[in-house]
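Below you'll find the structure, written out as structure tokens, and then a few comments.
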Amino acid sequence: MESGCPDRRGIAFTPALLAAGVFTSAFGTGGKKSVCCNVPRLDQWGVAALLRVNDVAYGYSAHAPMIFTFNLAALLNVLFAVAGLRATLPETRGKPVKLWRLGLPPIFCTVTSIVMLANTPTPHLLEFMWIGAASAGAVAGIVAGSRVHLEVDQMWGAIRLKPSYAGLAAALGVLLTVFADSIALWMGIGLWPPGHDPALGAALLSGFLDGRAWRIAARAVRSPHAELHVD
């Protein structure tokens, strides 16, 4: 490779990059053939332009070597999502639990979605979109919580829900979203298209868990007493 030639390794030939290649090939400076890149009439300025267009279009440097960067906050966020998923398992088995445990899945998943938003340099518009997604999820959760069959032991503060996978599905969605986002962060790749942020999906699902848990708890305090045994 001749001295001063941009490194071709890692160049992602995306549609934007190919379009820029056609342009610079047609209007190259001097009609030279690049020795290092083997593209007709494309000099070193043209290669640099290709790389710049790719970086701007996809938000990351495609010609930079892939480097694994460990991020402790991202790892802890994944663990929060795992804890939220695990806290939904008693509901899938119809197992009685203490009433306060209803709040664990929404707390863990909401913290996860907030951290995802905080880790993203965003305009205020995206923050309002996050609030809107969380609110829409909460409304859906309230509706779903109104239809859950439950039994409550008012003496011991225990509750048993009819086996359901609604909470599990929402928590699993949060976990998959934050896991994919964390992997992209660690590997330094642009996984999400410009203008899209996974925190919105996490906000929608965590809002669903928030509204559902709140509605179930509100109904539980007014429900008749039933004898339950909590392990």
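Structural remarks
- Some residue of the range 95-115 being modelled with pLDDT under 85 and surrounded by 15 or more Cβ atoms within 10 Å (Cβ to Cβ): no
- Which listed residue is touching a residue at least 24 places away in the same chain (Cβ under 8 Å), in a loop (DSSP other than H, G, I, E, B) and of a type outside the set (A, V, I, L, M), from 156, 100: 156
- Test: residue in the range 131-141 that is without any contact (Cβ under 8 Å) to a residue 60 or more places away in the chain, in a helix (DSSP H, G or I), within 17 Å of the chain's Cα centre (by Cα) and buried (at least 17 other Cβ atoms within 10 Å of the Cβ): no
The values are calculated or read from the model by the stated rules, or taken from the named source; none is laboratory data. What you see is a predicted model, and the numbers here were worked out from it, not measured in a lab. With ideal geometry, Cβ positions are generated from the backbone for all residues, glycine too; neighbour counts draw on all protein chains shown.
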